[in-house]
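S.K.: First the structure, then my questions, so here it is.
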Amino acid sequence: MIMQKLEKYNFKNKAFALLSLLFILFFSSCEDVVTLDLEAGDEKIVVDAEIIWLKGTTGNEQLIKISKTAPYYNNTTPKVSGAQVRIENSIGDVFTFTEKEPGSYVCTNFVPVINMDYTLFVTAEGQSFTAVEKLTSVTPIDKIEQEIVPDFGGEDVIEVTYYFKDPADEVNFYLTDYQSDFLIFPNYELTDDDFLNGNEINIRFSDEDKIKPGTILNITHRGISKNFCNYMNLLLEVYGGSPFSIPPGNIRGNIVNASDSNNFAFGYFRLCEADKVSYVVK
């Protein structure tokens, strides 16, 4: 069973690498200014297209963000304005996304249907992109528990565990994100039902001594496709490397340039049913 964690941005590791580098530079030269010539890839369109249908909602409001890749030292992410964005389902319904602010495109009449195929169409900066994916269901979170467990150093920490029943006789993949005030960015975890098909599955989360009584932990539990699960696994390998490196092999999602296959966009079009719970640590 896959149970791996992905942080969108490993702040601690990056800060440590930068501090170590500055330490070496300081003691090797107190006068010279050293500028690192880091590798830079070609500028690419980035399409962040997650259609997420939270249980208990209609799912009609959806958001797609379009931006560009930027050099390592850039403090801002370039937004892509003026794009045309729409999604069509397999029975011909069209859902148009309108730009509400630079790079953010909103739809207010989306209709989510489990196991239906949807096609994304994006026209941006003279390029046309498309992607196809199916809306994947998820079983709800049944319960959440916590306990005190020892960490790797032997210190007691709070561990939060949530439980759900995996559907029998089908292969399922799950993506969980955890959000809280002590997390700079969401923490992600991938799970599949290999060896646990049809059984109760539990997912555990802890973060050293940062989870304390009163902490609010927002848990979003998604059903995802196998292809998207494989894509996320590849991202795990990227974030396990040097913070100065460019993603090896330019990891591609399912978004294809309809006119020039070599000028692909980064990102992944996915449609997920999800259950979201806010848990207050005791």
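S.K.: Apply the Karplus curve 6.51 cos²θ - 1.76 cosθ + 1.60, θ = phi - 60°, to the phi angles in region 213-220 and return the couplings in whole Hz, x for Gly and Pro.
M.R.: x, x, 5, 9, 10, 8, 10, 10
S.K.: Please tell me which of these pairs span more than 22 angstrom C-alpha to C-alpha: 79/210; 143/212; 65/100; 165/210; 65/210?
M.R.: Beyond 22 Å: 79/210; 165/210; 65/210.
S.K.: Also, I was wondering about something else. Using only Cα atoms, locate the centre of region 151-192 and the centre of region 92-119, then give the distance between them in Å, rounded to an integer.
M.R.: So the separation of the two Cα centres works out to 29 Å.
S.K.: Moving on to the next point. Using mean Cβ contacts within 10 Å as the protection proxy, how do 173-182, 193-202, 101-110, 44-53 order, highest first?
M.R.: 44-53, 173-182, 101-110, 193-202
S.K.: Enumerate the calculated ³J(HN,Hα) couplings along region 194-210 in order (Karplus 6.51 cos²θ - 1.76 cosθ + 1.60, θ = phi - 60°), each rounded to whole Hz, writing x wherever the residue is Gly or Pro.
M.R.: Along region 194-210, the couplings run 4, 6, 10, 4, x, 10, 6, 10, 10, 10, 10, 9, 8, 8, 6, 9, 8 Hz.
S.K.: Could you please rank 216, 87, placing first whichever residue has the fewest other Cβ atoms within 10 Å of its Cβ?
M.R.: Placing the least packed residue first, the sequence is 216, 87.
None of the figures in this text is laboratory data; all of them are computed from the coordinates on show. Computed from a prediction, not measured in an experiment: that's the story for all the values here. Cβ sites come from the backbone with ideal geometry, for glycine too, and all protein chains shown count toward neighbours.
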